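Comments concern the structure below.
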Amino acid sequence: MEHPDPTETLQRTIALATANVADGGGPFGAVVRLPGGELVEGVNRVTATNDPTAHAEVAAIREACARSGSPELRGAVLYSSCEPCPMCLSAALWARLDLVVFAAGRGDAARAGFDDSAFYDYFARPGRHAVLPVEQHRHADAVAPFDAWLAHEGRTAY
């Protein structure tokens with residue numbers, strides 16, 4: 001299945017992530033593009049809700065499933081401001097998404113204090129991308145949410 005150029009949608013995820021920092025959330029944003037073209041947004045609310053599963057990707061997937069009336073999102077694409085963590089990738093797998101596209105990489109997140117390397121190492125194995133294609137589309141503004149996070153004096157590290 002052909003999917004549209006990700007640049008504009010990734011820009012939206014980056015804008016969501018950056019705005020979320022000012023709103024007391026983490027520097028992560030996500031958008032699910034449903035097969036009909038509808039965009040469903042999510043932001044990271046981990047510290048705002050004290051919920052370690054309140055990641056942007058999970059929020060977007062939950063809302064997309066609610067709107068579609070199905071736990072499966074076949075034909076949909078998940079766009080994220082940053083490479084999804086293993087939990088979010090698992091949610092994408094369970095939702096049966098067609099593709100995951102992200103802007104900033106895990107190294108960018110680690111530099112801002114979000115180092116999930118232990119989780120990635122735990123799940124690392126050959127051929128893991130055969131089940132769900134995951135690709136990085138490096139966006140010019142990919143690290144802007146992390147810059148905003150690092151500059152935000154009221155941030156709560158987690």
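Here is how the numbers come out for the structure above:
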item: Top-ranked residue of segment 70-90 - restricted to ones that are touching a strand residue (DSSP E or B) at 6+ places or on another chain (Cβ under 9 Å) and over 16 Å from G37 (Cα atoms), ranked as surrounded by the fewest Cβ atoms within 10 Å (Cβ to Cβ); result: E83
item: Segment 5-37, subset assigned to a loop (DSSP other than H, G, I, E, B) and in contact with a helix residue (DSSP H, G or I) (Cβ under 7 Å, 6 or more places away or on another chain), residue surrounded by the fewest Cβ atoms within 10 Å (Cβ to Cβ); result: G24
item: Among the residues listed as F102, F119, F114, the single one being at pLDDT below 95, closer than 22 Å to A59 by Cα and among the aromatic types (F, W, Y); result: F119
item: Filter pass, N44 being closer than 20 Å to D108 by Cβ, among the polar types (S, T, N, Q), buried (at least 23 other Cβ atoms within 10 Å of the Cβ) and in contact with a strand residue (DSSP E or B) (Cβ under 7 Å, 6 or more places away or on another chain); result: no
item: So V31, is it within 17 Å of the chain's Cα centre (by Cα) and closer than 16 Å to W94 by Cβ; result: no
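The values are calculated or read from the model by the stated rules, or taken from the named source; none is laboratory data. Keep in mind that what you see is a predicted model, and the values were worked out from it rather than measured. When we count neighbours, we look across all protein chains shown, and the Cβ atoms used for this are built from the backbone with ideal geometry, even at glycine.
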